[in-house]
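Shown next, in structure tokens, is the structure this report addresses.
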Amino acid sequence: MDLFNELKERGLIYQSSNEEAVKDFLNKKGNSFYLGFDPTAQSLHIGSLLPIIFIKRLETAGLRPVILVGGATGLIGDPSGKLQERSFVEFKTIKKNSYYLKKQLSKFFDFGSIFCKGKVLFVNNYEWLKNIYFIDFIRDIGKHFTISEMINKESVQKRMQTGISFTEFSYMIIQALDFLNLYKKYNCVLQVGGSDQWGNMTAGIELIRKKLSKEALVLTMPLATKEDGSKFGKTEEGNIWLDAELTSPYHFYQFWINVGDNDVIKFLKYYTFLSLDEIDGLKKVLASEPEKRESQKILAREMTEFVHGKEVLNRVEKISQMIFYGKIKELNNQELKEVFSGSDIKTTNKFNDMSIVDFLVSTEVVGSKRQAREDTQNKAIEINGLKIQNSDYVLSKKDLMFEKYILIKRGKRDYHFIVIK
């Protein structure tokens, strides 16, 4: 199967500007393409992982990636997918974030300053946009865009009711200029991005056609969503980050383990490098023995190793096994620190001499005292591996690990991590 058709089989092609031309492009080794990331945070998150893996697929197939960090566009703010104006980020913050993103992306790609064998080119659009005079920009670039065309772009249409500033309105022109610059300098004929970038990307096609009389190409991948249509990669506590300091590898691994049966095969196709035949085999196992959660385990292993490495994967699998089998007290202090870190950890200073019922309600493990009593009476609650037998149980310091940690397990897979301050 050629690259284009494999991407299609995996569900990774959402739109293309010219399917036959894109197919021919992808099947010729040495062709260069680009994909951009705006440095709006210190770390990328799971929403960025699909593009990273997409780039890796194309690089492995022999194409040459150019990865762009938006040191300039990050100062403007992309209106795509936003109902309100973005808050401006300070220049020093964007500069710092750009540095961190390059460092993070270098875990997945071997960067070089020029195109050469085995190297991926890393560029920052601030380097060419910082020297453009406003009058030159308006005369030489702005004249190629009509207001009617820009207003008809989906990213702008969605903002017409709530309002869009000239700053964000101009974002697509600046992204189009990036495409033009990379086309001329590195022969990047193809731009790749998420489906929400279609309007910005096709603006680049038009600019290249008008300025150079050449055909450029764009290819979008779908945004990762769950079966219910909600965004994949977020929890109630927020983003799942690729930075181990922001989302611990243990919780990163657990996020993938908890992917639903109705989504896991799709995400195996999206995110892993397993062959389609291997994934089809896992689909059959899922249908016949869903309780084994074999597909989720493999997805979690593949993603944790890809992002954090083999050694970290081995560690978090050990931790997960200990917790699953109620052996949390066998974990050392360092392992517990990893478990009890991240945005989904709750803290409290109310603990000693508190009834289990009150503690479950105060830490929001359950919504009511009635539910807490039912759970304890049904022996559905464990505290640090100890199954609670009745609702009269009173907590004390002996229930803590290392004088501060409590893991509450409710049912089979509902875990709550509490740090006592």
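Hey, among 113, 80, which residue is closer than 27 Å to residue 263 by Cα and either at pLDDT below 95 or in the same structural domain as residue 245 (by TED's automatic domain parsing) (or both)?
80
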- By residue number, the members of the stretch 85-138 that are surrounded by fewer than 18 Cβ atoms within 10 Å (Cβ to Cβ) and among the small types (Gly, Ala, Ser) are 87, 106, 112, 113, 118
- Can you tell me which residue among 175, 161 is free of Cβ contacts under 8 Å to residues at least 40 places away in the same chain and of a type outside the set (Val, Ile, Thr)? 161
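Matching residues to (1) surrounded by 13 or more Cβ atoms within 10 Å (Cβ to Cβ); (2) in contact with a Leu (Cβ under 9 Å, 6 or more places away or on another chain); (3) basic (Lys, Arg); (4) not in a helix (DSSP H, G or I):
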{"residue": "347", "(1), (2), (3), (4)": "no, no, no, yes"}
{"residue": "351", "(1), (2), (3), (4)": "yes, yes, no, yes"}
{"residue": "360", "(1), (2), (3), (4)": "yes, no, no, no"}
{"residue": "365", "(1), (2), (3), (4)": "yes, no, no, yes"}
- Hits in the stretch 106-128 (condition: in a helix (DSSP H, G or I) and in contact with a helix residue (DSSP H, G or I) (Cβ under 7 Å, 6 or more places away or on another chain)): 128
- Note on the structure: Only unsatisfied item for residue 174, checking (1) within 21 Å of residue 55 (Cα to Cα); (2) of a type in the set (Val, Ile, Thr); (3) part of a helix (DSSP H, G or I), is (1)
- Is at least one residue of the stretch 304-326 charged (D, E, K, R), farther than 23 Å from residue 406 by Cα, within 19 Å of the chain's Cα centre (by Cα) and at pLDDT 95 or above? yes
- Message: So in the stretch 313-352, with the set limited to residues that are without any contact (Cβ under 8 Å) to a residue 40 or more places away in the chain and basic (Lys, Arg), which one is farthest from residue 298 (Cα to Cα)?
- Response: 350
- Check on residue 402, exposed (fewer than 13 other Cβ atoms within 10 Å of the Cβ) and either among the aromatic types (Phe, Trp, Tyr) or within 30 Å of the chain's Cα centre (by Cα) (or both): yes
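Any residue that is under 28 Å from residue 364 (Cα atoms) and among the basic types (Lys, Arg) - is there at least one of those in the stretch 269-284? Reasoning before the result, please.
Of the stretch 269-284, the ones under 28 Å from residue 364 (Cα atoms) are none.
No, there is no match, as no residue in the stretch 269-284 is under 28 Å from residue 364 (Cα atoms) and among the basic types (Lys, Arg).
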- Query: When you scan the stretch 5-80 for helices (runs of 4 or more DSSP H) that lie fully inside it, which ones turn up with 1 or more residues that are free of Cβ contacts under 8 Å to residues at least 12 places away in the same chain and farther than 30 Å from residue 245 by Cβ?
  - Reply: 19-26
- Message: Quick check on this structure: which one of 132, 147, 174 is of a type in the set (A, V, I, L, M), more than 28 Å from residue 270 (Cβ to Cβ) and in contact with a Ser or Thr (Cβ under 8 Å, 6 or more places away or on another chain)?
- Response: 174
- Query: Hey, does the stretch 27-49 have a residue that's among the β-branched types (Val, Ile, Thr) and more than 18 Å from residue 100 (Cβ to Cβ)?
  - Reply: no
- Query: Out of curiosity, is residue 127 under 28 Å from residue 271 (Cβ atoms), assigned by TED's automatic domain parsing to the domain that holds residue 204 and either in contact (Cβ under 8 Å) with a residue 24 or more places away in the chain or among the aromatic types (Phe, Trp, Tyr) (or both)?
  - Reply: no
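The values are calculated or read from the model by the stated rules, or taken from the named source; none is laboratory data. Computed from a predicted structure; not experimentally measured. Glycine gets a Cβ as well: all are built from the backbone with ideal geometry, and neighbour counts include every protein chain shown.
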